[in-house]
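Have a look at the structure below, then the notes.
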Amino acid sequence: MRIAVCHAQTPFVRGGAETHTESLVRALRAAGHDAEMVTVAGKWYPAAELLHQMAVWRSLDIAESNGLPIDAVVALKFPAYLVPHERKIVWLIHQHRSAYELWEHPEFADLSRQEEGPVVRDMIHQSDRIALSEAKRVFTNSRNVQDRLWNSIRVPSEVLYHHSPISEALLGLEAGPYGDSIVFPSRLEALKRQSLAVEAMRHVRTGVRLVLVGSGPDEPAIREQIRSLGLEDRVSLKVGLTDEDLHRLYLGALGVYYGPFDEDYGYVTLEGFAAKRPVVTLDDSGGPLELVTDGETGLVAPPRPEAIAEALDRLFADRALVARMGTEGNERLRATVPAWPEVVARLLD
């Protein structure tokens, strides 16, 4: 089949959504389909610009291209799933979160603080109900996203997990001995809450270290936080690592930390388990909690620096627990997350 994978791209920003889209295109091609990524550059501010982006996607005619029909489209996130097509499949990464669960959040709200926000939010809700209801199938990338979708606009969906390229690679590599560092790879931005992990390092009582991996708008603030707290000997920030460098970090770490706020899915959890490392997450982190069970595959703490420090110290002090949880996490990953051929078969069934 000729399949268009529709993706709303924010220029010069790379994250899980971009990785997801590219991985899906590769998997469709590996399954013998003629797959192509269809992107539209997006800008999400001011609020009225969202309406423009919605109109662009809704007005796209991708029933055919160059005189040949496009047999199906797979759309992954807002507003790409507004695109019309007779065989539209939605695999939802997330809705426009600031129009839903983040609308009233004291720290992460955005749309609600703008004059046009309420009107734009209402139009987003109406458009979502129409566009998602007209899809032939609606999947979500996690139970967390499934629950948000149902609780907000009552659209039913099926959960479909998937691997990241890093987790796939790590499953084929030999895990090394457990080191002294906790690895936290993620884009440096407010919702990922690196600042909370750095603050926790003020309270640790063991020799555990924290390695932050990534870049993003919060990088200057995180570097200043590390410096101002005098944590340069305990916390490091690595930017621009190759995949091979990241593999080595995972495979030699003591454990993995991933404590964002209400994450959609979260590749870091999968990658930690693939490396046979336990994952420390927080009780409001959303998606990671679908795989991390406290005391079994990792540790779950409340979002307080002292509680996070206690969890990190526990890993440092009990290597037998680390090994047991790392092994259990690896087994759970293999049993829960399907390989890409199975993912493609389910999407196109």
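Projection of the Cα convex hull of region 2-160, averaged over all directions and equal to a quarter of that hull's surface, yields 9.3 nm². Labels on offer are (i) 1.07; (ii) 0.95; (iii) 0.98, and the one holding Rg/Rh (Cα atoms, Kirkwood Rh) computed from this structure is (iii). Counting only DSSP beta bridges with both residues in the chain, what percent are antiparallel, rounded to the nearest 5? Percent antiparallel among DSSP bridges in the chain is about 5. Annotation: peptides 307-318, 260-271, ranked by per-residue average of other Cβ atoms within 10 Å with the highest first, follow the order 260-271, 307-318.
Within region 61-76, list the residues whose amide N lies under 17 Å from a label point set 7 Å along Cα→Cβ of R2. Residues 61-74 qualify, since their backbone N sits under 17 Å from the label point. Taken one residue at a time, the phi angles of region 230-241 give Karplus couplings (6.51, -1.76, 1.60, θ = phi - 60°) of x, 9, 4, 7, 10, 10, 10, 10, 10, 10, x, 6 Hz. Gly and Pro are set to x. Highest mean first, the peptides 116-129, 217-230 sorted by other C-beta atoms within 10 Å per residue fall in the order 116-129, 217-230. Using the Cα gyration tensor of region 63-139, with a ≥ b ≥ c the square roots of its eigenvalues, what is the shape: rounded (a/c below 1.5), prolate (a/b larger than b/c) or oblate (neither)? Note, shape of region 63-139 comes out prolate. Our helix-only sum for the chain, with -39,500 (n - 2.57) per DSSP H run of n ≥ 4 divided by its residues, gives a mean residue ellipticity at 222 nm of -12000 deg cm²/dmol. Working note: Karplus 6.51/-1.76/1.60 with θ = phi - 60° gives region 308-315 the couplings 5, 4, 4, 5, 5, 5, 4, 5 Hz, where Gly and Pro are set to x. In loop segments of region 1-109 as defined by DSSP, the GluC sites (Glu not before Pro) with at most 14 further C-beta atoms inside 10 Å of their C-beta are E86, E104, E107. Extension gain for the segment S59 to T39, taken as residue separation times 0.36 nm less the Cα-Cα distance, is 5.8 nm to one decimal. Highest average first, the peptides 71-78, 164-171, 202-209 ordered by how many other beta carbon atoms sit within 10 Å of their residues are 71-78, 164-171, 202-209. Seen through its C-alpha gyration tensor, with square-root eigenvalues sorted a ≥ b ≥ c, region 209-320 comes out rounded because a/c lies under 1.5. About its Cα centre, region 2-160 has a charge dipole of approximately 360 debye under the convention of +1 per Lys or Arg Cβ and -1 per Asp or Glu Cβ, with nothing else charged. Just want the answer: with Cβ charges of +1 for Lys and Arg and -1 for Asp and Glu, which residue in A301, L229, V268 is farthest toward the dipole's positive end in region 222-349? Value: L229.
Read the figures in this text as sums done on the coordinates, not as results from a lab. From a predicted model like this one, the values you see are computed outputs, not experimental measurements. Every residue, glycine as well, gets a Cβ built from its backbone with ideal geometry; the counts of neighbours run over all protein chains shown.
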